[in-house]
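Engineer: Quick one: the structure is below, questions incoming.
The values are calculated or read from the model by the stated rules, or taken from the named source; none is laboratory data. These numbers come from a predicted model, not from an experiment. We place every Cβ from the backbone using ideal geometry, glycine too, and count neighbours over all the protein chains shown. Surface areas here come from the heavy atoms of the whole protein model, side chains and all, with no ligands, DNA or RNA. Shrake-Rupley method; radii C 1.70, N 1.55, O 1.52, S 1.80 Å.
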Amino acid sequence: MDLSILESKLKRHKISFSMASGEIIIGKAKNDLISYIGLGIVPIVFGIGVILFFFLKVDEFRPEIVHISVGALFLIGIGSFNLIKHKRKRKANSFPKVFKDNKIIILTPQGSYNLDKKTIKEIRTSNKPLNKENHEGNLFVIDNENRIHHVLGFHDENEKYVQDDLNWFADFILTQTGVKK
């Protein structure tokens, strides 16, 4: 399997990883401070600032205040949505996954789980819309004891790209673990 494709897909979805001595370690989602601050914090602060300004400084009611207040609430909503989306992505990719020697090792606070062709029962994907423009893709591995292991989670604006990447990651895992040859 071509690891350069894996590398490009992980970079595109801003999921940190490292490759060394035959191991691929997929870790947490990268901290993208520019989008976190620019698309999350700034709209919320600006929206709250506008609303506070109007409530504290304007003495008489004017119709344009309603329109500007609705715009400020819209900014707060957009910022909140982006922060929630960022948090979900970080949660989905919160535990390291080590791909080596035809197995996946998932490290969690509860312990480590070794998944290989003898223990993998099924791979499931989930592609659901967050809104009209954003889709969330998740990849799960189910082991023989019916435990569900969340392997990857990411967002994209195009549903087809999310589904294509989910299918590619599922195929990569099946090939990497020796389930599919």
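Engineer: Can you compute the modelled spin-label distance between N134 and E159, with each label point 7 Å from Cα toward Cβ, in nm?
Structural biologist: Calculated label separation equals 1.7 nm.
Engineer: Find the centroid of the Cα atoms in the range 86-131 and in the range 1-73, then give the distance between the two in whole Å.
Structural biologist: Rounded to whole Å, the Cα centres lie 25 Å apart.
Engineer: For the chain, modelled as a Gaussian network with Cα springs under 10 Å, which listed residue fluctuates most, D143, D165, D32?
Structural biologist: Comparing D143, D165, D32 in a Gaussian network model of the chain, the most mobile one is D32.
Engineer: Could you tell me which helices of the chain pass both thresholds, a Cα extent of 30 Å or more along their own axis and a mean Kyte-Doolittle hydropathy of at least -0.5, with helices taken as whole DSSP H runs? Present the calculation step by step, with values, prior to reporting the outcome.
Structural biologist: On the way: long enough: 63-92 (44 Å, 0.30).
Both cut-offs are met by 63-92.
Engineer: Using a Gaussian network model of the chain with C-alpha springs under 10 Å, which one of A72, A20, A170 is most mobile by mean-square fluctuation?
Structural biologist: Residue with maximal mean-square fluctuation among A72, A20, A170: A20.
Engineer: Please tell me which of these pairs span more than 29 angstrom C-alpha to C-alpha: K87/K117; K85/K160; K57/K91?
Structural biologist: Values: K87/K117 32 Å; K85/K160 19 Å; K57/K91 41 Å.
Pairs exceeding 29 Å: K87/K117; K57/K91.
Engineer: Quick one: Debye curve from the C-alpha atoms of the chain, no solvent, what's log10 I(q)/I(0) at q = 0.12, 0.13, 0.15 Å⁻¹?
Structural biologist: Taken in order of the listed q values, log10 I(q)/I(0) reads -0.64, -0.72, -0.87.
Engineer: Next question. Just round it to a whole percent: the fraction of Cα-Cα distances in the range 33-87 exceeding 12 Å.
Structural biologist: Values: 934 of 1485 pairs.
Tail of P(r) above 12 Å: 63 percent of Cα pairs.
Engineer: Keeping the other protein chains in place, figure out the carbon and sulfur percent of the accessible area of the chain, with a 1.4 Å probe. Working shown, then result.
Structural biologist: Working: 6420 of 10960 Å².
Carbon with sulfur: 59 percent of the solvent-accessible area.
Engineer: Another question about this same structure. Taking the Kirkwood radius as the inverse of the mean 1/r across Cα pairs, report the Rg/Rh of the range 61-145. All intermediate terms of the calculation are to be shown ahead of the outcome.
Structural biologist: Numbers: Rg = 20.8 Å, Rh = 16.5 Å.
For the range 61-145, the value is 1.26.
Engineer: Quick check for you: with a 1.4 Å probe and neighbouring chains kept, what is the accessible area per residue of the chain, in Å²? List each step's numbers first, then the result.
Structural biologist: Working: 10960 Å² over 181 residues.
On a per-residue basis, 61 Å².
Engineer: Hey, with R₀ at 30 Å, roughly what FRET efficiency would R88 and F54 work out to, going by the Cβ-Cβ distance, to 0.05?
Structural biologist: Numbers: r = 32 Å, r/R0 = 1.08.
Calculated value: 0.40.
Engineer: Same structure, new question: Which one, S126, S18, S80, has the greatest fluctuation when you compute a Gaussian network model over the chain with C-alpha springs under 10 angstrom?
Structural biologist: Looking only at S126, S18, S80, the biggest GNM fluctuation is shown by S18.
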